[in-house]
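Chemist: Would you mind keeping the following structure in view while I ask a few things?
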Amino acid sequence: MANRTSRPLNNFELVEHFLENALSININDDEMYNVVSQVVSTELNIENFDESLISLNSKSYRISKYRKDSERLSLQKQIVLELLTQERLKNDEDIVLGKGGAFPLKPVKAERKAFIVIGLPASGKSGISNIIADEYGAIILDSDYAKRKLPEFSALPFGATLVHEESDKIVFGNGNQKSFKSLFDHCIETEAI
């Protein structure tokens, strides 16, 4: 079995070394150096985060408006509906609750084709997915779209970690909850996939 290792990035020296030596990024100007403190801050927040308190399973970090399970289920259904009925935005960063969907900019085609786009973070997957979606009339099933609609995503520095599993459930389902249909379930039902 392969030895699984990771590199801690929880102090300035470690992040500086990683950015300069592993990624060959020049951090000498002030604007680029701000990345160092952002990485350290995020890493420390993640290290100290109790993963048993993620938004899918716990109410501890849910904002008050959507804390109760019934309110949360309504929110999840609203997000699925928005993803299912609204067009994709030109910039994924602009997706928020009430704005932005998974629909292509051209009409959806029910050809039962799937395109799987994989790659490292920030490697251009979204740009490629958008081109494919528009060319083939495909709905994009990306949990990052749902993640941006969950209010906790932007409320805390570790928001993406906090809502990761919940956003995955919203888009792909978990098979256990009969009262909830994921975006994927709706696409299968309407033969959009």
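The values are calculated or read from the model by the stated rules, or taken from the named source; none is laboratory data. No experiment lies behind these values; they were computed from the predicted model shown. Cβ sites come from the backbone with ideal geometry, for glycine too, and all protein chains shown count toward neighbours.
Chemist: Please find, within region 135-161, the residue that is modelled with the highest pLDDT out of those that are in a helix (DSSP H, G or I) and among the small types (Gly, Ala, Ser).
Modeler: ALA146
Chemist: Can you tell me which residue among SER70, SER52, SER74, SER60 is under 21 Å from ASP168 (Cα atoms), in contact with a helix residue (DSSP H, G or I) (Cβ under 9 Å, 6 or more places away or on another chain) and either in the same structural domain as LYS169 (by the TED database) or assigned to a helix (DSSP H, G or I) (or both)?
Modeler: Result of the check over SER70, SER52, SER74, SER60: SER74.
Chemist: Now, a different point. Just the residues that are more than 12 Å from GLU166 (Cα to Cα) and surrounded by fewer than 16 Cβ atoms within 10 Å (Cβ to Cβ), please, taken from region 60-76.
Modeler: Across region 60-76, the qualifying residues are SER60, ILE63, SER64, LYS65, ARG67, LYS68, ASP69, SER70, GLU71, SER74.
Chemist: Considering PHE184, PHE103, PHE172, which residue is closer than 22 Å to LYS90 by Cβ and of a type outside the set (A, V, I, L, M)?
Modeler: PHE103
Chemist: Anything in region 88-116 that is in a loop (DSSP other than H, G, I, E, B), exposed (fewer than 15 other Cβ atoms within 10 Å of the Cβ) and at negative phi? List them, or say none.
Modeler: Selection gives LYS90, ASN91, LEU105, LYS106, PRO107, LYS109, ALA110, GLU111, LYS113, ALA114, PHE115, ILE116.
Chemist: Continuing with the same structure: Only one residue in SER182, SER123 is crowded, with 16+ Cβ neighbours inside 10 Å, of a type in the set (Ser, Thr, Tyr) and at negative phi, so which one is that?
Modeler: From the options SER182, SER123, the qualifying one is SER182.
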